[in-house]
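Below is one structure, written out as structure tokens; comments come after it.
The values are calculated or read from the model by the stated rules, or taken from the named source; none is laboratory data. Please read all numbers here as calculations on a predicted model, not as lab measurements. Positions of Cβ are backbone-derived with ideal geometry, glycine not excepted, and every protein chain shown enters the neighbour counts.
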């Protein structure tokens, strides 16, 4: 679901007070909770939770509101042109996409090099549940770090990996092309390194 639908889904004004957002969240979360005997809806419950996580924080809400001027369309999400779901190859592609997005952010926005989990979801086009293993791996490798506010930032080791591998990986190359950026669809086959390659095959 496009991030531009958070207010619409919660049926609140973009100018709604935090108290209103909290009250609507509690009502809808209770209504759609998987344990509710008559109106349970796990998908809507997850969406309500995601919307609340973004809108309940003044900082993330401000970034979100700013992004509404140029929302990511479904066709621009990486999942529309990259296979993130196919077992091993899908996992490797997820790692490359996260690294590419964080690298682009660090290179183009020195004052805000971090990216939130919600932003990664929107750019990549699939739920955060599928990113848990990816994020764990990249953190353990030392390629990314997570700040106290839960935003992710590329480390020096991550920068080195991206710059060393981009020439052999079409997805990284496309993400980092100056006239494309992270919103551009990735075309063509995705080349992934074998698991035994130096750098962990991320």
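Observations
- Checked against (1) in a loop (DSSP other than H, G, I, E, B); (2) at pLDDT below 80; (3) surrounded by fewer than 12 Cβ atoms within 10 Å (Cβ to Cβ), residue 85 meets all criteria but (3).
- Residue 75, sole failed condition from (1) within 21 Å of residue 136 (Cα to Cα); (2) modelled with pLDDT under 55; (3) not in a loop (DSSP other than H, G, I, E, B): (1)
- When residues in the range 30-54 are screened for being part of a helix (DSSP H, G or I) and farther than 22 Å from residue 119 by Cα, 3 of them pass.
- Of the helices (runs of 4 or more DSSP H) lying entirely inside the range 110-202, the ones with 3 or more residues being surrounded by fewer than 20 Cβ atoms within 10 Å (Cβ to Cβ) and modelled with pLDDT of 85 or more are found at 132-141, 156-165.
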